[in-house]
Amino acid sequence: MTVEHDTAERELRPSLRRGWRRRCPSCGAGPMMRGYLKVRDECPVCGQQLSGHRADDGPAYLTILIVGHLMAPLLHWYFVSFRPDPLNMIAIFSVGCVALSLYLLPRLKGAMIGYQWARRLHGFDTQEASTP
């Protein structure tokens with residue numbers, strides 16, 4: 001039995017968008033995540049193997065980078081403009097940082113998996129969607 005390798009070009013932008021929406025980078029219909037950050041072994045719609053991904057700590061680093069670059073200037077502007085009570089400022093910005101981090105983390109993980117799929121990295125090079 002010979003295995004045919006999928007040699008068609010995989011577009012980067014659609015797979016990044018699908019990953020951001022936490023959908024299968026191949027079909028865009030099936031859910032990629034089984035939980036908050038747990039990736040399914042395969043897409044329930046198209047059968048694309050997703051277990052070969054290597055997102056590791058990348059999404060966490062990107063989340064910290066983005067949240068830090070967004071919140072630090074806001075924190076400075078808010079403090080200089082309004083001179084709030086420090087406890088109020090800590091409460092507001094702590095909730096903002098946690099909420100933004102919780103929003104971004106699974107989406108960045110999905111986008112990173114979509115990037116790996118589109119570029120055929122880490123086990124996505126020889127896999128193809130199985131037909132149901």
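What follows draws every value from the coordinates through simple rules; no lab data is involved. Keep in mind the model is a prediction, meaning the values are calculated, not measured. Neighbour counts are summed over all protein chains in view; Cβ atoms, including those assigned to glycine, are modelled from backbone coordinates with ideal geometry.
Given the range 1-73, report the % of alpha carbon pairs whose separation exceeds 21 Å. Summing the P(r) of the range 1-73 above 21 Å gives 38 percent of all pairs. Dipole magnitude for the chain: computed about the Cα centre from +1 point charges on Lys and Arg Cβ and -1 point charges on Asp and Glu Cβ, it is near 380 debye. The equivalent ellipsoid that matches the C-alpha gyration tensor of the range 12-118 spans semi-axes of 35, 12, 10 angstrom, in descending order.
Sorted by packing (mean other beta-carbon atoms within 10 Å per residue), highest first, where do 99-105, 17-23 land?
Values: 99-105: 14.6, 17-23: 19.7.
For the peptides 99-105, 17-23, the packing ranking is 17-23, 99-105.
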